[in-house]
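The values are calculated or read from the model by the stated rules, or taken from the named source; none is laboratory data. Keep in mind that what you see is a predicted model, and the values were worked out from it rather than measured. When we count neighbours, we look across all protein chains shown, and the Cβ atoms used for this are built from the backbone with ideal geometry, even at glycine.
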Amino acid sequence: MAPLLLARRADYLPPSVEVRREMMGSPTMLGAVEIGIFVSMFLFGVIMTEGHSYFRQYGKKDPRALKALIWFLLALEFGHSLTSMSAVYYFTIATSDEPIKPGNCYELTLTIVHSVLITAIVQGFYVDRCRRFVGASSPITKVLIGVIGGFLVTTALAFGLWISYESWLSSGKNAGVWDLQIKWGWLMSLRLSLSAFNDVLIAACMCFGLKRSERSLGDIKMKSTKRLLNGLAIWTVETGLTTSIASVVVVVCFQTMKFNYIWVGVWLSVAKIYSISLLASLNARSRYRLKYAGPQTATSSDTSQLMFRRVETSSSRRSSRRLTISSAIARSAKTPSRRFTVNA
């Protein structure tokens, strides 16, 4: 009877030192974190390239507030990369001689802080763009978008900072491997799900505004204008889906593989994807003007808005639907024109 009781009690004992050492050094633990950081560093190079392209094209055109926001975003990305590499150094070098590896560290907690701030900045920028674009025709709609979008972004930011605080408390040499996942797993899932929901909502709002702008043109729609609006709608959907899918993948990995660090490796690249989506959307303005609108577009340095012309024609010209862009430009010099504004 005694051996049976001892055998049952052994099932609930913590793993031995050798087992815990092997567990932390396994491919699904430290290996997943290292691979995630390597991918994150590659994406950091893409971000620096996009940032250089932005300041080369729009360094003298965009307002100072937007350029300051981009500088701050790049600084956060640099801090995110620095703390990520410091976490690898801590797990592989600083604690290499310790028999029991800690499950968390302060460097990884600072990485969480940078990631939360980056996500809030990018989503806040898109919410402001939705507010200016979709709510341009209605002050009430403009206020509603600002209030609802701001509340969702602020809530996600608060949840992220809460997780960072709890992660800081559970860091150090005495940190358990699964302390944060077991106690605050529900909060981590809620925060990631809320970020994915915000991305989908922003993309849907922008697509609604673009389609409404297309309908407001009436029956006389220039082909370049229609192609521009469709291109912007597709780009908006792709950008929103990329960030939301990345957040959903992290949630799925966390729920199905909570007791390894594969979800951490995937999560380390989410902040980079947000920054790339923002910088790529800003840099794509000139490309879309040249591709879809040609010489009919102009850029306002104060509002960063695309402007193109809708030509007023007579009733006889309205019946012709096969007019080329070049002929429309030629007639615009003789007929009154009206401007229609679309946010970049």
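Here the condition is being in a helix (DSSP H, G or I) and surrounded by fewer than 20 Cβ atoms within 10 Å (Cβ to Cβ); of Y126, Y89, it holds for Y89 alone. Residues that are surrounded by fewer than 20 Cβ atoms within 10 Å (Cβ to Cβ) and either at pLDDT 85 or above or touching a His at 6+ places or on another chain (Cβ under 9 Å) (or both) are absent from segment 202-216 altogether.
Which residues, taken from segment 57-72, are touching a residue at least 60 places away in the same chain (Cβ under 8 Å), surrounded by fewer than 22 Cβ atoms within 10 Å (Cβ to Cβ) and assigned to a helix (DSSP H, G or I)? Matches in segment 57-72: Q57, Y58, L66. All of F125, F133 fail the test of being aromatic (F, W, Y) and at pLDDT below 90, apart from F133. Taking residues in segment 180-203 that are free of Cβ contacts under 8 Å to residues at least 24 places away in the same chain and closer than 20 Å to M257 by Cβ, and partners anywhere that are in a helix (DSSP H, G or I) and of a type in the set (D, E, K, R), the pairs with Cβ atoms closer than 9 Å and at least 6 places apart or on different chains are K183/E166; W184/E166.
Within segment 99-110, is even one residue part of a helix (DSSP H, G or I), more than 15 Å from the chain's Cα centre (by Cα) and basic (K, R)? Within segment 99-110 (the criterion being part of a helix (DSSP H, G or I), more than 15 Å from the chain's Cα centre (by Cα) and basic (K, R)), the answer is no, since none of the residues qualifies. One residue stands out among those in segment 129-156 that are crowded, with 17+ Cβ neighbours inside 10 Å, in contact (Cβ under 8 Å) with a residue 24 or more places away in the chain and small (G, A, S): the one that is farthest from D179 (Cα to Cα), which is G149. Under 9 Å by Cβ, and 6 or more places apart or on different chains, what pairs join a residue from segment 32-47 that is without any contact (Cβ under 8 Å) to a residue 40 or more places away in the chain with one that is among the charged types (D, E, K, R) and in a helix (DSSP H, G or I)? If the second residue must be among the charged types (D, E, K, R) and in a helix (DSSP H, G or I), the pairs left are F42/K272. Screening segment 238-261 for residues that are of a type in the set (A, V, I, L, M) and surrounded by fewer than 22 Cβ atoms within 10 Å (Cβ to Cβ) and picking the one that is farthest from A204 (Cα to Cα) gives M257.
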